[in-house]
There are 2 protein chains.
Amino acid sequence: MGNTRREEILEAAMDLFAEHGYRGASLDQIAERVGLTRQGLLHYFPSKKKLLIALLGRREELNREHLVADHLAEKDWPTQVAEAVAFDREHPALARIHTILMAESLTEGHPAREYFRDHQRTVREHITRRLSERYGDRLPSGLSTQAAAAALLALIEGLQQQWLLDLDQTDHPEVMRSVWSVLLGPTTP
Amino acid sequence: MGNTRREEILEAAMDLFAEHGYRGASLDQIAERVGLTRQGLLHYFPSKKKLLIALLGRREELNREHLVADHLAEKDWPTQVAEAVAFDREHPALARIHTILMAESLTEGHPAREYFRDHQRTVREHITRRLSERYGDRLPSGLSTQAAAAALLALIEGLQQQWLLDLDQTDHPEVMRSVWSVLLGPTTP
């Protein structure tokens, strides 16, 4: 029961942060949406900041297996990154909260700033390592694994942002697939 | 004189929006920073929304010649896009306000939503046209001009965001140059 209620609160927080940003949404609004008092909500999450951090962790859990390929043998990598982009399209609330909170974290004294910086470093290093294991220092295209990792992360974030701004555009998974194919280079299976 | 005061107000608004977001900064704070009353400020910009739109236009003016290459003959394109990324690094306030406001515009009822969507469409179409004029439907790498335009825009936004989150990273101009070289393809001068 406690778990279900926690999930409900996280879901309400996700919706309200996506609608108004972290700073624009209040604990009272979140409590009201799940039929709790503010005190009742604080029993599950002792502060708004703690709720934010829990929510970011939850989002990461949901996304983890999709962001970076973990079964390279099964599908070619360009198809996998295209599927990761397509996954975001099926979960627009998650995608939106990520883009909004990451940018909001650039404002002064935002509680999620460190989280996003560390998260970005971790993902970039992870992609670099996966690329190095497979290709060494350079991809078949000639691109360094470091540059390719930064580019992959930038493409994921940037294409997501383009789509969120303009939901009519539907070509982002295919853009991701074809761009990543070129960046890997001609000898990719 | 009127123009100087307008510039001062725009600069103060840029700083305060970058610190607190559009919604987090008040007209009173902006007025105070330039030594005006709220009424005095409203004489130059009749609403907070009008001030935001003017600021976005100003930013666009400052950035325009750097975002997309206009003298292809003079320098190769990868060097030019690297210089555009380097330009952002010399103007962190501009870069920050852009990333923060674009993401904040995804929240409900934000006054800059339409601006960013239209701006993105315009830039994407402009890059596509420039690429088509030079290469036809496909770049020498085999990538379609449409996909390349979406990717270039995503890389500019995504790399900027990575850098803003983690100012210690210094390799983004070089990442941009090398990635764009690979995306264009082997026959690029």
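FYI, it's all coordinate maths here, none of it is from the lab. The model shown is predicted, which means the values in this text are computed figures rather than measured ones. Here the Cβ positions follow ideal geometry from the backbone for every residue, glycine too, while neighbour counts run over all protein chains shown.
For chain B, the longest principal axis of the alpha carbon atoms and the long axis of helix B:48-67 meet at an angle near 30°. Counting beta carbons within 10 Å around each of B:D28, B:D88 and listing the fewest first gives the order B:D28, B:D88.
Using r as the Cβ-Cβ distance of B:R138 and A:E90, and R0 as 35 Å, what FRET efficiency do you calculate, to the nearest 0.05?
Between B:R138 and A:E90 the formula returns 0.70.
As a calculated quantity, the FRET efficiency between A:E114 and B:T37 at R0 = 41 Å, using C-beta atoms, amounts to about 0.60. Taking the Cα atoms only, what angle lies between the long axis of helix B:113-135 and the longest principal axis of chain B, rounded to 10 degrees? Rounded to the nearest ten degrees, it is 20. Charges were assigned to the Cβ only: +1 to each Lys and Arg, -1 to each Asp and Glu. The resulting dipole of the stretch B:56-184 about its Cα centre is roughly 340 debye.
Classify chain A as rounded, prolate or oblate, taking a ≥ b ≥ c as the square roots of the eigenvalues of its Cα gyration tensor: rounded when a/c is under 1.5, otherwise prolate if a/b is larger than b/c and oblate if not. Intermediate results must be reported in sequence, preceding the final value.
Details: a/c = 2.36, a/b = 2.17, b/c = 1.08.
It comes out prolate by the Cα gyration axes.
Quick check: the distance between the Cα centres of the stretch B:120-189 and the stretch A:77-114, to the nearest angstrom? Comparing the Cα centres of the stretch B:120-189 and the stretch A:77-114, I get a distance of 21 Å.
GluC sites (Glu not before Pro), restricted to the stretch B:83-149: which are DSSP loop and have at most 15 other Cβ atoms within 10 Å?
On the way: sites: B:E83, B:E90, B:E104, B:E108, B:E114, B:E125, B:E133; in loops: B:E108.
Of the GluC sites (Glu not before Pro), the ones in loops of the stretch B:83-149 whose Cβ has at most 15 other Cβ atoms within 10 Å are B:E108.
Once the Cβ-Cβ distance of B:D166 and B:E61 is raised to the sixth power relative to R0 = 41 Å, the FRET efficiency obtained is 0.90. On a 0 to 90° scale, report how tilted helix B:2-24 is relative to the longest principal axis of chain B, with both axes built from alpha carbons and the result rounded to the nearest 10. Helix B:2-24 and the main axis of chain B meet at about 80 degrees.
Look at the alpha carbon pairs under 8 Å that are at least 6 residues apart: their mean separation over the length of chain A gives a relative contact order of 22 percent. Taking the dipole about the Cα centre of the stretch B:56-184, with the C-beta of Lys and Arg at +1 and of Asp and Glu at -1, give me whichever of B:V182, B:S105, B:L143 is farthest to the positive side. Ranked along the dipole, the leading option is B:L143.
Out of the stretch B:1-53, which GluC sites (Glu not before Pro) are coil in DSSP terms and have no more than 10 other C-beta atoms within 10 Å? The partial results should precede the final answer.
On the way: sites: B:E7, B:E8, B:E11, B:E19, B:E32; in loops: none.
For GluC sites (Glu not before Pro) across the stretch B:1-53 that sit outside H, G, I, E and B with at most 10 neighbouring Cβ atoms in 10 Å, the list is empty.
The Cβ shell under 13 Å around A:W163 holds other residues with a net charge of -3, Lys and Arg each +1, Asp and Glu each -1.
Based on DSSP H runs of at least 4 residues, each adding -39500 (n - 2.57), what is the mean residue ellipticity at 222 nm of chain A after dividing by all its residues, to the nearest 500 deg cm²/dmol? Walk me through the numbers before you get to the answer.
Details: 9 runs with 141 residues, N = 189.
Helix-only estimate at 222 nm: -24500 deg cm²/dmol.
Computed from phi, the 3J(HN,Hα) profile of the stretch A:88-101 under the Karplus parametrisation 6.51, -1.76, 1.60 (θ = phi - 60°) reads 4, 5, 7, 10, x, 5, 4, 4, 5, 4, 5, 5, 5, 5 Hz, with x in place of Gly and Pro.
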